[in-house]
Amino acid sequence: MPLYEYVCESCDHNFEAMQSLNTKPEDTTCPKCQAAKSRRVMSSFASKIVGTHKTGFAEIKAYNMHDERMDKLKKLPPMMGQRAAPTEANSQPSSSE
């Protein structure tokens, strides 16, 4: 169950209440003056990740590694090498007699 923060509009008392999601803020009574004029206040929350697995980090790391590998592969020469176009210099046998 979530913990909600309230402020009483009658006595300006701030308090917290653990309630179900279906509870209406208007039905919450102030613990100090017992008035049913409480208003829910927007507040921050805390979360705790337990264990070594943090959601999404492994996937992000895999994508980054994939991108790095693809960048390295782009820098390599093509797998199927091409012959140099024949010229007079490389088409005649060498005469080293």
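Since every read-out is calculated from the coordinates, none of them should be taken as a lab result. These numbers were taken from a predicted model, which means no experiment stands behind them. Every residue, glycine among them, receives a Cβ derived from its backbone with ideal geometry; neighbour counts consider all protein chains shown.
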Can you give the Kirkwood hydrodynamic radius for the range 7-50, in Å, rounded to one decimal and based on Cα pairs? 11.6 Å
With a Förster distance of 41 angstrom and the Cβ-Cβ distance between Thr23 and Tyr63, calculated FRET efficiency to the nearest 0.05 equals 0.50
